[in-house]
Amino acid sequence: MGELLRLSDLLKERDIELHSLNENIDTTSAGGKLIFHIFAAMAQFERDLISERTKAGLKAARARGARGGRKPKVTPQILKVAKAMLEDPTVTMDDVSETLKISKSAIYRNLKKEEMAAAEKEAARIARAVNKESQSLSIEISM
């Protein structure tokens with residue numbers, strides 16, 4: 001609505017009056033301006049309703065466990081096959097990409113993601129071990 005009203009004001013500043021032939025709106029009269037503003041407000045109201053309904057639908061779908069977006073093309077099984085293929089020094093990333101029909105960037109991205117997950121898991125394991133070690137040290141000191 002804001003854009004429509006700004007356009008109307010811009011036209012008015014240039015002494016241009018709006019006459020809509022389809023809706024029979026004439027902004028040269030007070031009644032025409034009123035109808036124009038009412039239509040603009042109704043259009044904005046409709047856009048807001050659509051937005052609210054869309055957000056509510058997405059929220060309800062998430063509550064049911066649905067996930068939005070495209071299904072990942074690189075599954076854990078495909079990634080496992082890609083890693084096995086890449087262990088062979090004669091196989092290039094182009095070969096893997098063509099064989100599995102997946103882009104090289106998707107393979108690289110998923111390999112990096114898996115690497116990061118493994119590093120996070122290892123960091124958590126080390127943190128637990130350090131925490132356990134520090135607890136046993138504090139017990140020894142207090143005795």
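General remarks:
- Spin-label pair TYR108/GLU13, simplified geometry with 7 Å Cα→Cβ offset, distance in nm: 4.9
- Local electrostatic count, LYS33, Cβ distance below 14 Å [Lys/Arg +1, Asp/Glu -1]: -3
- Only the Cβ atoms of Lys and Arg (+1) and of Asp and Glu (-1) were treated as charged; on that basis the dipole of the stretch 9-143 about its Cα centre amounts to roughly 780 debye.
- Length-normalised contact order of the stretch 2-63 in % [C-alpha pairs under 8 Å, at least 6 apart]: 18
- Cα centroid separation, the stretch 1-80 to the stretch 97-116 (Å): 39
- The HN-Hα couplings worked out from phi for the stretch 41-54 by the Karplus form 6.51 cos²θ - 1.76 cosθ + 1.60 (θ = phi - 60°) are 5, 5, 5, 5, 4, 5, 4, 5, 4, 4, 4, 4, 5, 4 Hz, whole numbers, x standing for Gly and Pro.
- Built amide H within the under 5 Å cut-off of ILE25, gap 5+: SER20
- Per-residue extension of 0.36 nm, minus the Cα-Cα distance of ALA84 and LYS101, leaves a gain of 4.5 nm for this segment.
- Of the residues LEU4, ALA63, ALA41, the one whose Cα sits farthest toward the positive end of the charge dipole of the stretch 2-63, with +1 on the Cβ of Lys and Arg and -1 on the Cβ of Asp and Glu, is ALA63.
- Take the Cβ atoms of GLU46 and SER20, set R0 to 25 Å, and the FRET efficiency comes out at 0.90.
- Listed peptides 28-41, 83-96 by packing density, highest first (mean Cβ within 10 Å): 28-41, 83-96
- A simple spin-label model places the labels of PHE39 and THR75 5.4 nm from each other, with each point 7 Å out along Cα-to-Cβ.
- Using C-alpha pairs below 8 Å separated by at least 6 residues, the relative contact order for the stretch 47-107 is 26 percent.
Throughout, read-outs are computed from the coordinates displayed, never taken from laboratory work. Because the structure is a prediction, the values reported are computed rather than measured. We place every Cβ from the backbone using ideal geometry, glycine too, and count neighbours over all the protein chains shown.
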